[in-house]
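Quick one: the structure is below, and I'll ask about it shortly.
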Amino acid sequence: MASSIELRNKRVLVVGLARTGVATSLFCAARGAQVSATDSRTELEIGEVVAKLRAAGVVLEFGDHHEKTFLEQDLIIPSPGVPADAALLQTAHAKGISIWSEIELAYRFLNGRMIGITGSNGKTTTTSLVEHILRTAGTSTILAGNIGTPLIGCVEATRDSTWTVVELSSFQLELIDTFRPAIAVFLNLTPDHLDRHQSMEAYGAAKARLFENQTAEDAAVLNADDPLTRRYAPSRPQVYWFSRKQRVAQGAYVRGTEILFRRDGVEETILDSADITLVGSHNVENVLAAVAAARLAGASAATIARGVRSFAGVEHRLEFVAEIGGVRYYNDSKATNVDATLKALDAFPGRILVILGGKDKGSDYTVLQKPLREKAILALLIGAAAEKIEKQIGGSVALEGAGTLERAVEIASHAAQPGDVVLLAPACASFDQFQNYEHRGSVFKDLVRQLEKQAAGATSGKR
């Protein structure tokens, strides 16, 4: 890891007081920094954490951001939701003030080694699976990053023997400096967050910063089947690939029904693809990436196989919720872009009632037309993007404007027949109606469980 920095008496500004900003503020304050934090929300909107921050000595500004505050700092740490090209950050950068993401700051203090995983889709499942495999092997592990626990909050728990497995977003990678994972995994690249990055080139370049500081001692793992990802293969680290479609020179791939790992000309069978319990062909890719990362981290073939077989999946990722009257309900709230929704639709043979919509991220929904025509019987539209989605998928499937998730589940429960699948796979962000995708998924599950109770009550009443 990089050498630590001395925070004592440094003037540090944290921009944004969501989960990551709060953790960063408290971390810096505990190390003697003079911490200020600014958020465009009001004190009332931020809530009870304000008292904890003040008790730690953090100076707080609410409402407008002030240029004077930005220019008085030694270091600025914007939260992931703050665009790297925000005007005040650019002004501060021009004055020579260091601007780092939270993962860069955390990296300066971490012990042990790191596996960093990015990509448009599959990050959470792959990150969780890698950590699960290594933990199954008896390795000291920490799971952190974009998956829900800020990396900065895990620093104290790391030791020299620790493997920290980190899910990384393009937002986090935009503002790194020395950040360097021992194993870096780039899963795929499909259109997402174009409302922030403006172009696929900028989006891909942000994610590819994952490899920027790696050396010949490190390993990079990329998707051989994804042409956009392949172009970012780095030159300095050792490059490994994963593929469902072809044999790779180094890395993990499928041959027949076997998943193999190849390194230095030696092949070993890891497990049979039938042992993968996760739904969908895209999850085979996630398993391949995890196999490569875990093997490079030292896990044995037998341990990897045991870990894959025992992995129960991740909440909000094609998560089975319930079967009610022969209708199966699945929560894929993490499908926050079009490609993730395509993968979700592909996971089922047909007769899908799919819930789409939320906050648009500059997406093209026309690519959903063909799979909706082939797989779905009804699309229920919710949220701010409903009108745009309706225009772009009209004619491919029966549509109904539901407005809210509650109404969508209600309509679906009446329209679905035994054998059908009700699928929440929104292809949008959640922030128009929910705190985050986890909140959206939890509300969906609560609604389905209410249906389950009603169905159970109706059945018992007939006895």
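The values are calculated or read from the model by the stated rules, or taken from the named source; none is laboratory data. Here the structure is a predicted model, which means the values were calculated and not measured. Because the Cβ atoms are built from the backbone with ideal geometry, glycine has one as well, and the counts that use them run over all protein chains shown. Heads up: the accessible areas ignore ligands, DNA and RNA and are worked out on the full protein's heavy atoms, side chains in. Shrake-Rupley method; radii C 1.70, N 1.55, O 1.52, S 1.80 Å.
Being at pLDDT 95 or above, of a type in the set (Gly, Ala, Ser) and more than 14 Å from Arg180 (Cα to Cα) is the filter here; which residues of segment 85-109 pass it?
Ala92, Ala94, Gly96, Ser98
Same structure again: Give me the residue from segment 91-132 that is in a helix (DSSP H, G or I) and aliphatic (A, V, I, L, M) and, out of that set, farthest from the chain's Cα centre (by Cα).
For segment 91-132, the residue satisfying everything is Ala94.
So Val314 fits all but one of (1) closer than 27 Å to Ala425 by Cα; (2) open to solvent by 50 Å² or more (accessible area, probe 1.4 Å); (3) assigned to a loop (DSSP other than H, G, I, E, B); what number is the exception?
(2)
Go through segment 55-66 residue by residue and tally those that are loosely packed, with under 12 Cβ neighbours inside 10 Å and either part of a helix (DSSP H, G or I) or touching a Ser or Thr at 6+ places or on another chain (Cβ under 6 Å) (or both).
Counting residues in segment 55-66 that are loosely packed, with under 12 Cβ neighbours inside 10 Å and either part of a helix (DSSP H, G or I) or touching a Ser or Thr at 6+ places or on another chain (Cβ under 6 Å) (or both) gives 1.
Among the numbered conditions (1) surrounded by fewer than 18 Cβ atoms within 10 Å (Cβ to Cβ); (2) modelled with pLDDT of 95 or more, tell me where Ile352 comes up short.
Every condition holds for Ile352 apart from (1).
Then there is this: Of the residues Lys370, Lys359, Lys343, Lys334, which is without any contact (Cβ under 8 Å) to a residue 40 or more places away in the chain and not acidic (Asp, Glu)?
Lys370
Here's another thing I want to ask about it. Could you please let me know if Asn337 is under 30 Å from Gln417 (Cα atoms), among the polar types (S, T, N, Q) and touching a Gly at 6+ places or on another chain (Cβ under 7 Å)?
no
Search segment 319-335 for residues being touching a Phe, Trp or Tyr at 6+ places or on another chain (Cβ under 6 Å) and in a loop (DSSP other than H, G, I, E, B), and hand back the single one that is least open to solvent (accessible area, probe 1.4 Å).
This residue is Ser333.
Tell me, yes or no, whether segment 7-15 has at least one residue that is closer than 30 Å to Trp163 by Cα, open to solvent by 70 Å² or more (accessible area, probe 1.4 Å) and at pLDDT 95 or above.
yes
With respect to Arg317, determine if the residue is in contact (Cβ under 8 Å) with a residue 40 or more places away in the chain and either under 30 Å from Glu258 (Cβ atoms) or polar (S, T, N, Q) (or both).
Criteria met by Arg317.
Among helices (runs of 4 or more DSSP H) lying entirely in segment 179-264, which contain 3 or more residues that are crowded, with 16+ Cβ neighbours inside 10 Å and at pLDDT below 95?
So the answer is 194-197, 200-208.
While we're on this one: Given (1) polar (S, T, N, Q); (2) assigned to a helix (DSSP H, G or I); (3) touching a helix residue (DSSP H, G or I) at 6+ places or on another chain (Cβ under 7 Å), identify the lone condition not met by Ser363.
Against the list (1) polar (S, T, N, Q); (2) assigned to a helix (DSSP H, G or I); (3) touching a helix residue (DSSP H, G or I) at 6+ places or on another chain (Cβ under 7 Å), Ser363 comes up short only on (2).
Just for segment 355-364: of the residues that are of a type outside the set (Gly, Ala, Ser) and touching a strand residue (DSSP E or B) at 6+ places or on another chain (Cβ under 7 Å), which one is most open to solvent (accessible area, probe 1.4 Å)?
Among those that are of a type outside the set (Gly, Ala, Ser) and touching a strand residue (DSSP E or B) at 6+ places or on another chain (Cβ under 7 Å), it is Lys359.
Each row is one residue, and each column tells you yes or no for (1) farther than 16 Å from His316 by Cα; (2) part of a loop (DSSP other than H, G, I, E, B); (3) in contact with a helix residue (DSSP H, G or I) (Cβ under 9 Å, 6 or more places away or on another chain); (4) of a type in the set (A, V, I, L, M).
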position	(1), (2), (3), (4)
Phe348	yes, yes, yes, no
Leu356	no, no, yes, yes
Leu368	yes, no, yes, yes
Leu381	yes, no, yes, yes
Lys388	yes, no, yes, no
Gln392	yes, no, yes, no
Glu400	yes, no, yes, no
Ser413	yes, no, yes, no
Val422	no, no, yes, yes
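Kindly establish whether Gly350 is of a type outside the set (Asp, Glu), over 23 Å from the mean Cα position of the chain (by Cα) and under 22 Å from Val448 (Cβ atoms).
yes
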